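Participant: Dumping the structure here so I can ask a few things about it.
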Number of protein chains: 4
Amino acid sequence: MSEINSLIKGYHAYHTIDYRRDEALLQSLAKKGQSPKAMVISCCDSRVEPSSILGTLPGDLFMVRNVANLVPPCAADDRHHGTSAALEYAITQLHIPHIIIMGHAMCGGIKALVDGILDDSNDSSFIANWIKIAKDAKEEAGCCDKEGEELQRAVEQASILNSLENLMTFPFIQERVADGRVQLHGWYFDFSTGELFSYDKEKGAFINL
Amino acid sequence: MSEINSLIKGYHAYHTIDYRRDEALLQSLAKKGQSPKAMVISCCDSRVEPSSILGTLPGDLFMVRNVANLVPPCAADDRHHGTSAALEYAITQLHIPHIIIMGHAMCGGIKALVDGILDDSNDSSFIANWIKIAKDAKEEAGCCDKEGEELQRAVEQASILNSLENLMTFPFIQERVADGRVQLHGWYFDFSTGELFSYDKEKGAFINL
Amino acid sequence: MSEINSLIKGYHAYHTIDYRRDEALLQSLAKKGQSPKAMVISCCDSRVEPSSILGTLPGDLFMVRNVANLVPPCAADDRHHGTSAALEYAITQLHIPHIIIMGHAMCGGIKALVDGILDDSNDSSFIANWIKIAKDAKEEAGCCDKEGEELQRAVEQASILNSLENLMTFPFIQERVADGRVQLHGWYFDFSTGELFSYDKEKGAFINL
Amino acid sequence: MSEINSLIKGYHAYHTIDYRRDEALLQSLAKKGQSPKAMVISCCDSRVEPSSILGTLPGDLFMVRNVANLVPPCAADDRHHGTSAALEYAITQLHIPHIIIMGHAMCGGIKALVDGILDDSNDSSFIANWIKIAKDAKEEAGCCDKEGEELQRAVEQASILNSLENLMTFPFIQERVADGRVQLHGWYFDFSTGELFSYDKEKGAFINL
């Protein structure tokens, strides 16, 4: 239980300092409701914390975190689609003007894909069935004899572009991008150097912000 | 673009102060990989940021964020199950010893459920199909003539218990809970007062931490 | 100028994140004026930052920082007495109820005293003339064959008691301590371990808080 | 004792989160000693915390805090001169390359000077004898029919220039400024707006950083 005790200690520390600092803001957000600046789709990875990286306050970011920060293509059936539900809520209910796919270096999910351990088998693996969303990214990125870290990074970045494309398969996003109400962004964070990159469509490359 | 510019300014601020503080830790986490203390399943809500609330550092929390912090029941098919994939990765690959369902007050997803606007219709709504995971919670909590905020809070808390039950439908969780390798926790945060509650099984109630 | 540029970058980071968090509090403090919880007399040492160590917000601490966190005895002449002026302002104008002498480990000023390099000579040295406030502390602490780090720590702590005694030579402090309006505290921080100690009069020792 | 208890709670919060973040840095600073980027002479005012405003880490700033952030002129006698001792220590022992006088808006010490309540009488007042360091600043700034807040601000800024001149009366500073080893800076912070200004010698004015 020592991990849990350390989290409870952490909560008391939060309550003493940071909650005291943010109390007025939080109470105002309780009254008025949230109107976030952006929706961020980020990885579950414990080393990548978008609210820290982007220096935001409570109320700023509507946040999805899933393995490898993936957006599946629109599939309107009666199943439980968590990321798609979050997109629908963010765009049609909260009218958030920006969606940021926030990829990152050394992603365990992408590594599993790159290493090929999930390719064929394992129909019963949730990870395999989830990570295959990025299968095309692997093929595109891996086309050119890259290896090791270079290949991993290329797939991580190609997968961001893949998710940006999948975003456009949702009608409620497509129409708002078309008329300018929503903008899509592909960002890539390297937590080992602190560098943040943004995909530049014209240059076809990720550029240091 | 002013929202995006403010996030980029926020990133530069992070890079100047907080990245500098955490640089050694992040580089060590880049080398050794992550071994988080706990997995947290929290809501997308911009007002609830578990890493702040629990005073954690990079590397501490493996984080899923979806609408209304729900865990669907185990359904082993070939679809893309984001939350289930994250659970599988956290438990079978990272061997994380704790899973915390982190509910919260004034949850928009639960409110949609409580207000009944998603009940029958709307098969094509991702939100409706997602939030119905908590349908049983609504029925249990709503049994006793509660109304308004009281009802909302009761459903929010019943839904946490519902997700804890759903966690136990995953074989890889069930067996580890049985032999003590994994512990499950239901927590509830009220961001308007800063209070954090934990579900106490013996008392059958959420207790202030 | 690179040090200055890094401070200016630091200011912009502060302005982006922390000022935004504290803006309402600061504006309220601008209107109402300050009414601090405590006055702290701390060292100039760059490694000891009381507002961090005590988790305080703007408005909480009225702060003197001088070499070795010393309080000179009351000497009412027409000279410029910075620390005495701060005491008078804190107690007679702001009515602050607590004065904390915040000593610390590895103090360069105390080390100079312990090493004896300032004892006899050097009438023209400001450091020598300042640090000799703690001369008695050195004699008391050094009475018992201590050496090295142990001696240094003993003098650091004896000097805190010496400053507490010097506080009582100020009539405006003495009368308020007598009638309970002001309380005096001797604290000691070891920045290499993060431990904070408080002087316990009954036990005659510094106790871990 | 509730103020003291809140500071002790604040310390425990610091120890849980921030000490943990800075532990490696502090231990390295314990081993190697400090080599600060700059010395800052700032006010005791609880609303102005230079380490926050400049986004610094432990080890960055050697800090003097006295009433109204004043530097007295060099007066080499056998008295206890706290600020002069700190200057001597910073420059001759630690070889710090920058000295920043950090003035601020709504300074209580300067207000006492402006309101004239300290002018003639009160030889026994430590505040009066301390604040008269800035007497010339009052005369220069007040030459031109300014009133109220405008006058107060003018004296606050003139007093910074006065302290910069007084710095040059210390031989160990003068020689190092002459040969470029030390640079002097006059900064002014308005905590009610978050603006930081730097004195620009060529323009003869304080410029927004």
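The values are calculated or read from the model by the stated rules, or taken from the named source; none is laboratory data. Note that the structure is predicted; figures quoted are calculated from it, not measured. Methodologically, a virtual Cβ is constructed for each residue, glycine included, from the backbone with ideal geometry; neighbour enumeration extends over all protein chains shown.
Participant: Looking at A:Thr92, A:Thr83, which one is crowded, with 24+ Cβ neighbours inside 10 Å, assigned by TED's automatic domain parsing to the domain that holds A:Pro50 and of a type in the set (S, T, N, Q)?
Facilitator: A:Thr83
Participant: Give the number of residues within the range D:1-53 that are more than 7 Å from chain C (Cβ to nearest Cβ), among the aliphatic types (A, V, I, L, M), surrounded by fewer than 17 Cβ atoms within 10 Å (Cβ to Cβ) and within 30 Å of D:Pro97 (Cβ to Cβ).
Facilitator: 1
Participant: Moving on to the next point. How many of the residues in the range C:75-109 are within 30 Å of C:Glu150 (Cα to Cα) and either touching a residue at least 60 places away in the same chain (Cβ under 8 Å) or in contact with a Ser or Thr (Cβ under 6 Å, 6 or more places away or on another chain) (or both)?
Facilitator: Total satisfying the criteria: 12.
Participant: Now for a separate question. Hey, C:Leu94 hits all of (1) more than 7 Å from every other protein chain (Cβ to nearest Cβ); (2) modelled with pLDDT of 95 or more; (3) under 24 Å from D:Pro36 (Cα atoms) but one; which does it fall short on?
Facilitator: The single condition C:Leu94 does not satisfy is (3).
Participant: Out of the helices (runs of 4 or more DSSP H) lying entirely within the range D:126-209, which hold 1 or more residues that are among the charged types (D, E, K, R) and in contact (Cβ under 8 Å) with a residue 12 or more places away in the chain?
Facilitator: So the answer is D:135-141, D:148-167, D:171-178.
Participant: Go through the range C:61-91 and report how many residues are among the small types (Gly, Ala, Ser) and more than 7 Å from chain D (Cβ to nearest Cβ).
Facilitator: Of the residues in the range C:61-91, 3 are among the small types (Gly, Ala, Ser) and more than 7 Å from chain D (Cβ to nearest Cβ).
Participant: Tally the residues that are in contact with a Leu (Cβ under 8 Å, 6 or more places away or on another chain), crowded, with 21+ Cβ neighbours inside 10 Å and over 20 Å from D:Asp45 (Cβ atoms), restricting the search to the range D:171-191.
Facilitator: 1
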